[in-house]
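Visitor: The structure that follows is given in the form of structure tokens.
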Amino acid sequence: MPSLSRTPSWLRRLAPLSGGLALSLLLLTPAHADDLRVGFMPGPYRDAFTHGIEPQLKKLGYSIKYVEFSQGVQPNDAVERGQIDANIFQHSLYLNATNKQQGFDLVPVVHVPTPPMGLYSRRHKTLDAVPDGATVTLPADPVNAARALNILAAIGWVTLKPGVSPLSVSERDIASNPKRLKIVPLDAAQAPRSLADADLAAVQGNFAVASGLKLTEALKLEDMTLPYVNVVAVKRSNEHAKFAKDIATAYQSPEFQKFFKANPVWAGYRLPDYFSQ
């Protein structure tokens, strides 16, 4: 324990105030009540937040701290532990799956514009050019594997067993594979790199954008339904907190919608239902 002579003057002044109790209370008090710590994975969501949401929140007195993560469960773990206030990187099915698997208690507060998953190739220009026996990489986690397999099913390359849960699906749930595809599961973040070796890769939209792939270059984009549109997630105890409501209001504002639609970089995104048509 440091000697009193080496202790900062502000800490020495706490001594008459019940010592450890006062110090504990001080350390538990945030430096600024309106600081917001928001977590992101690689992809487009930080850019949209920085340029379309942060200006609105700053007008309300918030200061934003950005925290970057590299693995899917990390942003949720950080919200659960209170290390960050919110994250923006996942759809509600993935959120529900990690809640169940990890014992988290996180909830969505608003949907955000989301790039769809797509089939990409550097070897083939069209789906018709893809040969039988082609190698296709897809996400290893069940929720996003289901999305990839549904794309393949939509173009008639596979059929899936009936009644398969999207929370547990894998390549083992393929009922038929008439094109004799070689299915290779891998970490979703590695999908863009796999294009160097595979005929096709099913790439989640955020990883596609982060790696420089354009949605318009996909040989096939998923027909994205609402459960796969990404969300802002917070702890359940903060679901009705002012900061959560202010973030949701900023996304739903006419200012953000106008800003987002005006940027051609974001063409092809699945827009939340609150966007005006």
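Visitor: Scanning for something modelled with pLDDT of 95 or more and over 21 Å from the mean Cα position of the chain (by Cα), does the stretch 39-54 turn up at least one residue?
Guide: No; the residues of the stretch 39-54 include none that is modelled with pLDDT of 95 or more and over 21 Å from the mean Cα position of the chain (by Cα).
Visitor: Same structure, new question: Please verify whether residue 274 is aromatic (Phe, Trp, Tyr), surrounded by fewer than 16 Cβ atoms within 10 Å (Cβ to Cβ) and modelled with pLDDT of 90 or more, treating the condition exactly as stated.
Guide: For residue 274, the condition - aromatic (Phe, Trp, Tyr), surrounded by fewer than 16 Cβ atoms within 10 Å (Cβ to Cβ) and modelled with pLDDT of 90 or more - is met.
Visitor: Still on this structure, I have one more. Search the stretch 56-90 for residues being open to solvent by less than 50 Å² (accessible area, probe 1.4 Å) and within 20 Å of residue 208 (Cα to Cα), and hand back the single one that is nearest to the chain's Cα centre (by Cα).
Guide: Filtering first and then ranking leaves 89.
Visitor: Check the stretch 225-243 and report whether any residue there is without any contact (Cβ under 8 Å) to a residue 60 or more places away in the chain and over 17 Å from residue 84 (Cα atoms).
Guide: Yes, some residue in the stretch 225-243 is without any contact (Cβ under 8 Å) to a residue 60 or more places away in the chain and over 17 Å from residue 84 (Cα atoms).
Visitor: So, one more: Taking the stated definitions as given, is residue 214 in contact with a Gly (Cβ under 7 Å, 6 or more places away or on another chain) and charged (D, E, K, R)?
Guide: no
Visitor: Picking from 250, 208, which residue would you name as being touching a Lys or Arg at 6+ places or on another chain (Cβ under 9 Å) and part of a helix (DSSP H, G or I)?
Guide: 208
Visitor: Still on this model: Tell me yes or no: at least one residue of the stretch 227-240 is touching a Ser or Thr at 6+ places or on another chain (Cβ under 9 Å), outside any helix (DSSP H, G or I) and open to solvent by 50 Å² or more (accessible area, probe 1.4 Å).
Guide: no
Visitor: Being open to solvent by 20 Å² or more (accessible area, probe 1.4 Å) and part of a loop (DSSP other than H, G, I, E, B) is the filter here, so list the residues in the stretch 118-142 that pass it.
Guide: Within the stretch 118-142, 121, 122, 123, 124, 125, 126, 131, 132, 133, 140, 141 qualify.
Visitor: In addition: Only residues in the stretch 95-115 that are free of Cβ contacts under 8 Å to residues at least 40 places away in the same chain and open to solvent by 50 Å² or more (accessible area, probe 1.4 Å) count as the first member; pair them with residues that are not aromatic (Phe, Trp, Tyr) and not in a helix (DSSP H, G or I), Cβ under 7 angstrom, at least 6 apart or cross-chain, and list the lot.
Guide: 102/73
Visitor: So, one more: Give the residues of the stretch 253-277 that are under 13 Å from residue 111 (Cβ atoms) and either hydroxyl-bearing (Ser, Thr, Tyr) or not in a helix (DSSP H, G or I) (or both), sorted by residue number.
Guide: Narrowing the stretch 253-277 to residues under 13 Å from residue 111 (Cβ atoms): 256-257, 260, 269-275.
Of everything in the stretch 253-277, those that are under 13 Å from residue 111 (Cβ atoms) and either hydroxyl-bearing (Ser, Thr, Tyr) or not in a helix (DSSP H, G or I) (or both) turn out to be 269, 270, 271, 272, 273, 274, 275.
Visitor: Sort through 220, 245, 258 and tell me the only one that's farther than 25 Å from residue 98 by Cα and open to solvent by 90 Å² or more (accessible area, probe 1.4 Å).
Guide: Details: 220 fails: open to solvent by 90 Å² or more (accessible area, probe 1.4 Å); 245 fails: farther than 25 Å from residue 98 by Cα.
Only one candidate qualifies: 258.
The values are calculated or read from the model by the stated rules, or taken from the named source; none is laboratory data. The shown structure was predicted, so the numbers you read here are calculated from the model rather than taken from an experiment. We place every Cβ from the backbone using ideal geometry, glycine too, and count neighbours over all the protein chains shown. Side chains are part of the model used for accessible areas, which takes the heavy atoms of the whole protein and leaves out ligands, DNA and RNA. Shrake-Rupley method; radii C 1.70, N 1.55, O 1.52, S 1.80 Å.
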